[in-house]
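Step one of this worksheet: look at the structure below.
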Amino acid sequence: MIHAAVIPAPHQPVEIREFPEPDIAPGGMLLRTEYSEVCGTDVHLWHGRLSGVPYPLIPGHVSIGFAEKIRGEVIGGDQQRLKEGDRVVFFDVHRTCGRCYACAVTHTPTKCPSRKVYGITDGAHDGLFGGWSEAIYLEPGVIVARLPDAVRSEDYIGGGCGLITAVHAIDRAALKLTDSVLVQGTGAVGLSIVALARLSGAGVVIAIGAPGDRLDLARRMGADLTLDVTITTPAERLERVRAVTGGRGVDVGIEASGAPAAVEEAPRLVRDGGRYVIAGHYTDAGPSAINAHLDINRKHLEIRGCWGSEAGHFLRALQVLERHAAVVPFRDIGARTYALDELNQALADAESYAIPKALVAPQRRARA
């Protein structure tokens, strides 16, 4: 039997339950979980803020582990056959159809109606489809990859889903060399966006967030200027941003906070003709008031959404880690590791912003 941590319903305490080891279909794999994570989405799941979630649920949509059992042939992202014992990561989105209007016509597979996501849209009754478990069933067709030898497990899970989302956000921002970049939010997504903006050749990178330890980490990730949203006013932030951008405002703003007020503030911080990407509003946090004339049209401002991620973002995140994890501290985003029986505390810590990200080590035995 395999132990897993389950959210039985919104606002209910996490429970440890036992599940039978699954039968593995040809092309499938049983992954012995080394690490998973507690991200902002998991807090939203705990709060019941996502619609259509099939509770009870085994959360944990980005994970890493060792291939314990493989049936048949499984080819990784490097086009090499995976073997039992390999250290493996996987893209959490599966069952995207490739044939619907979103997939085939508009090329927006993140909006495919058949799309499923490990740890979010697959319930515990469907099987071991979440990383808060001693083992994960990777069904045939899931995109997998052998983790490069140069990348430590802590590097990968520290970046986690935030890094994969950040790759997508940087794409949506269409960054050019020397662009000035503002990142709103210094959680896991925002910290990774700061790092990728710096690696992409940004001229100046500004991070707005809190608390102080996250701002310290943002500077280590590559931010030139950090502003604490809790002790500065919008007017003070505007003055500081204008001071380092020649009075114009930033070329690109990227929202990664999930706060409606961030969207309201951004048009004043982005230059005329600039670009603004909204990546942090994964759930409905309420309305944001924007003046269409002053904030968008008169500024000739371009606003883009950023929903989910695609397989290419996952595979490119691995390339980023292989090249840069030795010097960019992605691992430090994962500030504390919890056992399965500690996940109620992990959720509380994530909810209160006590740490940038909680990691989950399912092989730690649950205490009696």
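Where a number appears in this text, it was derived from the coordinates with a stated rule and is not lab data. Note that the coordinates shown come from a computational prediction; the quantities given were computed from them, not determined experimentally. Here the Cβ positions follow ideal geometry from the backbone for every residue, glycine too, while neighbour counts run over all protein chains shown.
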Mind listing the phi-derived Karplus ³J(HN,Hα) values for the range 98-114, rounded to whole Hz, using 6.51, -1.76 and 1.60 with θ = phi - 60°, and x for any glycine or proline?
x, 10, 6, 4, 5, 6, 8, 9, 8, 6, 10, x, 5, 10, 5, x, 8
Mean-square fluctuation maximum in Gaussian network of the chain, Cα pairs under 10 Å, restricted to I296, I157, I231, hits I231
Using a 7 Å offset from the Cα along the Cα-to-Cβ direction at both I231 and D216, what is the distance between the two label points in nm, to one decimal?
1.3 nm
As I understand it, the dipole of the chain uses +1 on the Cβ of Lys and Arg and -1 on the Cβ of Asp and Glu, about the Cα centre. Which of V277, I143, F66 lies farthest toward its positive end?
V277
If every Lys and Arg gets +1 and every Asp and Glu gets -1 at its Cβ, then about the Cα centre the range 254-321 yields a dipole, in debye to the nearest 20, of 240 debye
Excluding residues on the same chain fewer than 8 positions from K69, give the lysines whose Cα lies under 19 Å from its Cα.
K83
Quick shape check on the range 162-305: root eigenvalues a ≥ b ≥ c of the Cα gyration tensor, a/c under 1.5 is rounded, otherwise prolate if a/b tops b/c, else oblate, and it reads rounded
Cα gyration tensor of the range 61-113, axes a ≥ b ≥ c as square roots of the eigenvalues: rounded (a/c below 1.5), prolate (a/b > b/c) or oblate?
prolate
The chain: relative contact order in percent, alpha carbon pairs under 8 Å with at least 6 residues between:
19 percent
Gain in span if fully extended, D272 to H107, counting 0.36 nm per residue against the direct Cα distance:
56.5 nm
Cα axis of helix 234-243 to longest principal axis of the chain: angle in degrees, 0 to 90, nearest 10?
80 degrees
Kindly write out, for the range 157-166 in residue order, the coupling ³J(HN,Hα) from the Karplus curve 6.51 cos²θ - 1.76 cosθ + 1.60 (θ = phi - 60°), rounded to whole Hz, with x marking Gly and Pro.
6, x, x, x, 5, x, 5, 5, 4, 5
Could you tell me which of W307, A350, S36 has its Cα farthest along the dipole of the chain towards the positive end, charges placed at Cβ (Lys, Arg +1; Asp, Glu -1), taken about the Cα centre?
W307
Take R99 and S352, extend 7 Å from each Cα along the Cα→Cβ direction, and tell me the distance between the two endpoints in nm.
5.1 nm
Sort E342, E322 so that the residue with the fewest other Cβ atoms within 10 Å of its own Cβ comes first and the one with the most comes last.
E322, E342
If amide H atoms are built 1.01 Å from N in the plane of the peptide, which residues on other chains or at least 5 residues away come under 5 Å of the amide H of V270?
V250
Which residues qualify? For A135, with a placed amide H closer than 5 Å and at least 5 residues away or on another chain, they are T33
Could you point to the residue in S180, P211, V14 farthest towards the positive end of the chain's charge dipole, with +1 and -1 charges on the Cβ of Lys/Arg and Asp/Glu respectively?
S180
The chain, dipole about Cα centre (Lys/Arg Cβ +1, Asp/Glu Cβ -1), debye to the nearest 20
840 debye
When H61, H11 are ranked with the fewest other C-beta atoms within 10 Å first, the list becomes H11, H61
With +1 at each Lys and Arg Cβ and -1 at each Asp and Glu Cβ, the charge dipole magnitude of the range 162-305 around its Cα centre, to the nearest 20 debye, comes out at 340 debye
Derived scalar couplings ³J(HN,Hα) [the range 174-190; Karplus, 6.51 cos²θ - 1.76 cosθ + 1.60; whole Hz; x for Gly, Pro]:
6, 4, 10, 3, 6, 4, 7, 10, 10, 10, 9, x, 10, x, 4, 5, x
If you line up the long axis of helix 311-324 against the longest principal axis of the chain, both from Cα atoms, how many degrees apart are they, to the nearest 10?
80 degrees
C-alpha long axis of helix 260-269 to longest principal axis of the chain, angle in °
40 degrees
